[in-house]
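Working notes, structure below.
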Amino acid sequence: MRQPLLQIALDLIQADVALEIAQRIASKVDILEIGTPLLKAVGVRIITDFKAKFPDKLILADTKTMDVGALEARLAFNAGADMMTVCAAAPLETIQSATSEAQRWHKDVVVDFIGVKDKRTRALEIVPLSPAYFNLHTAIDVQKTFGKSFRELAEFRDFQIPLVVAGGIAPEDIPELMKYQPAIIVVGSFVTRAKDPFMAVMALRRAIEDALS
């Protein structure tokens, strides 16, 4: 089994705090995510700041695009992002325009299934558009009400599009997640709210390595 990439979601609103956390953890993570709140609070210039400070890391802009796919993809990629997100609930035309724009930039689109009830049916509609990844994402507000669940991952085992998983993930969840061979594991508050973000990342790394051994 291939080791998944580790992505840290910086769902913050202060650029200086996000950059400080990123500086502490960058050596042990693969993808730094500019969270939606941070993008809204600061604007796309934060993408440029991150890429300048961490040129060797993949930078994902969590745009959660719902319309004007090509335009938002172009804004993100021109600012320095390597990846951007489009909501699976968006029109197929929006997803298509974003993926087409990404191909022109040699970048990646992640389709986020947040809020979609019948995820498998929607995924079958999106597969022909050839996004780089599918993200099965349990929203923060949903976690607060229902807790976290990874049951839906089983429905995506037979898709050729690599799987991303996100939503309240902590080290104790890693063994269960690894059964579904995710390409990317996204972790947010476990790291960003930790007293020591670096040690939190190391705990995740150990959990991944233990699951693979």
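No value in this document is a laboratory result; all are computed from the given coordinates. As the structure is a prediction and not an experimental result, all values here were calculated from the model. Virtual Cβ from ideal backbone geometry, glycine too; neighbours counted across all protein chains shown.
Between THR121 and SER213, full extension at 0.36 nm per residue minus the direct alpha carbon distance yields a gain of 29.7 nm.
Over 19 Å, how big is the tail of the calculated P(r) for region 1-69, in percent of all Cα pairs? So the portion of pairs separated by more than 19 Å is 29 percent.
Sorting 11-20, 75-84, 150-159 by their mean Cβ neighbour count within 10 Å, with the most densely packed peptide first, gives 75-84, 11-20, 150-159. Residue-normalised convex hull volume from the C-alpha trace of the chain: 115 Å³ per residue.
With a cut-off of 11 Å between beta carbons, the residues surrounding ALA70 carry a summed charge of -2, where Lys and Arg count +1 and Asp and Glu -1.
Extension gain, LYS28 to GLN160: 0.36 nm times the residue separation minus the Cα-Cα distance gives 44.8 nm.
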